[in-house]
């Protein structure tokens, strides 16, 4: 397969989210043959198992976009030392009903940026635990806990020189991971 479509899930709804900026910038480090689509998760209803038999149109769209992808990229904020509720809600919707998970088997990478010195280390660890249960093979190394501070992005919104080599290395490992695990 020469073309890899990657579903990007940003765990923040904030218009000026560091993680949305990171997701937009880091995908520019991928090689030709990889394309990325940020999935919309802000319009999903709160997950309720009673709705499994008749999911909302937004849930059907999310599951179809995940199913069409050869890989996943999660770029998450950290709220109260864990993943944001909006991200967990999206994960729950696309994993249900039981036995019909759209996530299963899709190779994934996890990134995150925060103004805190440890980046999104705790959120990423919690997310990795959830993804392991959902049978999502997730890139373990290198980890990327990004401290969102001045100089992370250049004036064009791209990864600035000071972080480019580190994130290029991450992207190179992610690309190899997807190629190894994509069905």
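Of note:
- Span from the the stretch 65-101 Cα centroid across to the the stretch 38-57 one, whole angstrom: 12 Å
- Taking all Cα pairs closer than 8 Å and separated by 6 or more residues, the relative contact order of the chain comes to 24 percent.
- Packing, taken as the mean count of other beta carbons within 10 Å per residue, orders the peptides 130-140, 69-79, 105-115 from highest to lowest as 69-79, 105-115, 130-140.
- Whole-Å distance, taken between Cα centres, linking the stretch 105-123 and the stretch 132-183: 9 Å
- Cα shape, the stretch 109-183, gyration tensor, a/c 1.5 rule: oblate
- Gyration tensor (alpha-carbon) shape descriptor, the stretch 1-118, a/c threshold 1.5: oblate
- Helix 85-94 axis versus longest C-alpha principal axis of the chain: approximately 50°, rounded to the nearest ten.
- Nearest 10 degrees, 0 to 90: helix 57-68 Cα axis against the chain principal axis: 60 degrees
- Rounded if a/c under 1.5, otherwise prolate or oblate - the stretch 35-183, Cα gyration tensor axes: prolate
- Helix-only arithmetic for the chain: the sum of -39500 (n - 2.57) across DSSP H runs with n ≥ 4, divided by the residue total, places the mean residue ellipticity at 222 nm at -11500 deg cm²/dmol.
- Fraction of beta bridges assigned by DSSP in the chain that are antiparallel (%, nearest 5): 10 percent
Every number here is computed from the coordinates shown, using simple stated rules; none is lab data. Quantities reported herein were computed from a predicted structural model and do not represent experimental measurements. FYI the Cβ positions are ideal-geometry reconstructions off the backbone, even for glycines, and counts take in every protein chain you see.
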